[in-house]
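Values in this text are rule-based calculations from the coordinates and carry no lab data. Please read these numbers as outputs of a predicted model, since none were measured by experiment. A quick note on method: Cβ atoms are made from the backbone with ideal geometry, for glycine too, and the neighbour counts reach across all protein chains shown.
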Amino acid sequence: MGVYNHQDNYCIARQPICDSEQKLAAYELLYRNSADAQYAKVSSPHQATARVCMTAFMDIGIDRLADKHPVFINMTDEWLLQGEVLPEPAERIVLEVLEDIKPTSDMIQSIRRLREQGYRIALDDFVLTQETKQFLPYADIIKLDVMNTSMEVLAKRVSILKRLPKVTLLAEKVETWEEFEACKRLGFELFQGYFISRPEIMDNQNRSAAGLILTKLLAMLHQKEPNVKHIEAEISRDPQLYYRILRYINSAQYSLPRRIESLRQAIMLLGFENLRSLVSMMILAGSSRRSATLMPIALLRAKMCEILAEEQGLLPVENYFTVGLLSMLDAFFSRPMEAILDELPLHPRIVQALLDHEGSLGEVLQIVKAYENANWDFVEQSAFDKEVLTESYVQSLAWSDAVADIAELEE
C-alpha cells in the first residue's frame, strides 16, 4: 500500500463503542508509536495524534476506516490549542480531552471554538474536581473508567454528572457482561471494552428454522466430497438464503457470462469454499442481537488471517479465513466455545487453533486478535513483520464492513 512511515512501523487499530442495545455507535482509534518501543506508550503524544490523524484521514480515509460511524481521537493540549490543523469533517469526529490536560483560559476558549465548528468533545478518564469541573459546560461525552472504580463510587459520580444537560456518559474498560448491565442500570448510554467480544451469559435460546437449515448446510459443505444435489435441496427450503447467495455473487462482481438460470448454476459459480464462508457469516449474523457490532470484528479477523497466510505462503489460505471467522462463535452464540465446536464438523487443526491457538492457524489468529485489541506489547514481541500487519489490517477494514452489510439477516 505504501502509505505508512515504514521506518517507524507505527500501528493504528480501532476499538468498537456500542450503545445500550449493543449496536455499534462509534470507533476509538488506537495508536502504537513504533516497533522499537518496549511499552504501549508514546515518546511524543503530539506526534502520535498527528500520525493517527494523517493515517486515518489521509492515508486510509475515514469512510474506509469507520464506515459511517463517528471516530474518537485522543487529543493533546497542543492539538486542541492549534485547532486549525484538526481533520474534517468535524461532525464525524469526537475529540478526547485527556485527563492530564489543564483547563487554562486558552484551553477553554479553544474547546469552545472547536465545539462551535461542529466537533464533539469527550472528557477521557474523567474525575470531577474543582479544577476539572471547568470543562463540563463544553463536554458532549464524559468517559468514566469502570475497571479502576468500585460500583459504589461509580454510582455517586454518575448521579452528579447526570444532572448536567445534554451530556452522554460512556463507560470505558468494561470487561464483563455483569459490568455492562450494572453500568446500564446506572444510566450510561455508551460502552467500550472487551466485553463486546466476549460471550454474554444467558439462557439457551431456541434455534430458528432458518438457523437449523444453515447449520445443516454448513455440515454438508464440510464433508470431504460435498453433494451438490443435497446442498441445492437444502438451500431451496429457504428463499431468503437463495436471495442472499445471488446478492453475494452480484456484490463480489463475478464475471457473469450470462444470467443465472438455476440454483445449481449459482452454487457452481460460487464454489464450495466461498459458499462455506457465506453460510458461516449468515449463521453468525442470525445468532445474536449483537451481530451488527460483532460481525465486522469477525470478518476483519477472517480477512486479516487470510491475508497474513497469503503473505507467508501458508496453505490452504481458506482455513485461515475460517479460523478467523469462527473465532467469535462464543460471543455470537453466548455459549462456551467447546460446546459449540462439538456440534460442528470441523477439522481438529481448526478446533485446536480456536481453543488453544495451536499450530500455524492458531499463531496467525493470536497475532490478529492482539492487533485488533491494540495489545501492542504482544505485537512487538511477535515474529510478524509490523509493516505487513498494519497493511493487512487496513486492507481488511473496508472489506469487512462491506461484507457485514450483506451477511446481516433481515428482521
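I need to check one value: relative contact order of segment 55-128, counting alpha carbon pairs closer than 8 Å and at least 6 residues apart, in percent. The value is 32 percent. Here's how it looks for residue 168: its modeled amide H is under 5 Å from those of 141, 142, which are all 5 or more places away or on a different chain. Could you tell me which of rounded, prolate or oblate describes segment 338-397, using a ≥ b ≥ c as the square roots of the eigenvalues of the alpha-carbon gyration tensor, with rounded for a/c under 1.5 and, failing that, prolate when a/b is larger than b/c and oblate otherwise? Because a/c hits 1.5 or more and a/b exceeds b/c, segment 338-397 counts as prolate. Calculated FRET efficiency, residue 116 to residue 269, Cβ-Cβ distance, R0 = 56 Å: about 0.55 to the nearest 0.05. Along segment 319-334 the Karplus relation, 6.51 cos²θ - 1.76 cosθ + 1.60 evaluated at θ = phi - 60°, assigns HN-Hα couplings of 5, 6, 4, 4, 4, x, 5, 8, 6, 10, 4, 5, 5, 5, 9, 6 Hz to successive residues, with x for each Gly and Pro. Once you sort the root eigenvalues of the Cα gyration tensor of segment 83-203 as a ≥ b ≥ c, which label holds: rounded (a/c under 1.5), prolate (a/b larger than b/c) or oblate (the other case)? In terms of gyration-tensor shape, prolate. Residue ranges 389-398, 112-121 sort as 389-398, 112-121 when ordered by packing (mean number of other C-beta atoms within 10 Å per residue, highest first). Among 326-338, 85-97, sorting by the average number of other beta carbon atoms lying within 10 angstrom of each residue, highest first, gives 326-338, 85-97. A convex hull fitted around the alpha carbon atoms of segment 116-182 yields 100 Å³ per residue. Can you compute the modelled spin-label distance between residue 198 and residue 219, with each label point 7 Å from Cα toward Cβ, in nm? Each label point lies 7 Å from its Cα, and together they span 3.2 nm. Here's the list of lysines a cross-link from residue 224 could span, going by alpha-carbon distance under 17 Å and ignoring same-chain residues fewer than 8 apart: 216.
Give the Debye-formula value of log10 I(q)/I(0) at each listed q (0.17, 0.23, 0.24 Å⁻¹), with one equal scatterer per alpha carbon of segment 59-135, two decimals each. These q points yield log10 I(q)/I(0) values of -0.65, -1.08, -1.15.
In segment 271-411, one over the average inverse separation of all distinct C-alpha pairs is 15.1 Å, which is the Kirkwood hydrodynamic radius.
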